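> Have a look at this one.
FYI, it's all coordinate maths here, none of it is from the lab. Being a predicted model, the structure only gives us computed values, none of them experimental.
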Amino acid sequence: MFQDDYIIQWKCWKEVLGKINGELFAWVFLPNHSHIILKQGVRSFSDTMSSFKRRVTWMMKQPGGIWQNRFWEHLLRNDNDLERHTDYIHVNPVNHGLTKRAQDYPYSSFKMFVEKEAYPEDWGSVVEIEVIGEPID
């Protein structure tokens, strides 16, 4: 569902975060779920998520039924934790078989991180190895 409507998610995040002085640090919108790292604004995370879900539901003209009741929240504790979660977000389309290279998935912040030189362009690619010859027993 979200793959066709990722632009709605992006617009809704921008609108909601603009009102609370928040910012999306990293994100990926997948066909049936999303991952984000949010620099929190003046509201609680639960209030921010509720506002976002209401806005998306209204824009998609789908009363209820598109969101699970809960979400997973994690407070990032240090730079290593931030790096691990950012990597997880950006490699997620590759792990789900949606693309072979993180750079080819259009609905994520990966290219922005490449532009900032946080990742090399080929980071998060599936490596295919061709073995020639007979198997060794």
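> Could you compute how fast segment 6-115 diffuses translationally, taking Rh as the Kirkwood radius over C-alpha pairs and applying Stokes-Einstein at 37 °C with viscosity 0.692 mPa s? Give it in µm² per second. Numbers along the way, then the final one.
Details: Rh = 14.8 Å.
For these conditions, the coefficient is 222 µm²/s.
> Return the long-range amide H neighbours of Leu38 (sequence gap of 5 or more, or a different chain), with a cut-off of under 5 Å between placed amide H atoms.
Those qualifying (amide H under 5 Å, at least 5 residues apart or on another chain) are Phe25.
> Going down the table (Lys19/Lys100; Lys53/Lys100; Lys11/Lys39; Lys14/Lys111), which pairs top 26 Å between alpha carbons?
Working: Lys19/Lys100 37 Å; Lys53/Lys100 30 Å; Lys11/Lys39 17 Å; Lys14/Lys111 18 Å.
Violating the 26 Å limit, Cα to Cα: Lys19/Lys100; Lys53/Lys100.
> May I ask you to evaluate 6.51 cos²θ - 1.76 cosθ + 1.60, the Karplus curve with θ = phi - 60°, for each residue of segment 111-117 and list the ³J(HN,Hα) values in order in whole Hz, giving x for glycine and proline?
Couplings: 4, 5, 5, 5, 4, 7, 6 Hz.
> Calculate, in nm to one decimal, what Asp104 and His33 gain on full extension: separation in residues at 0.36 nm each, minus their alpha carbon distance.
23.7 nm
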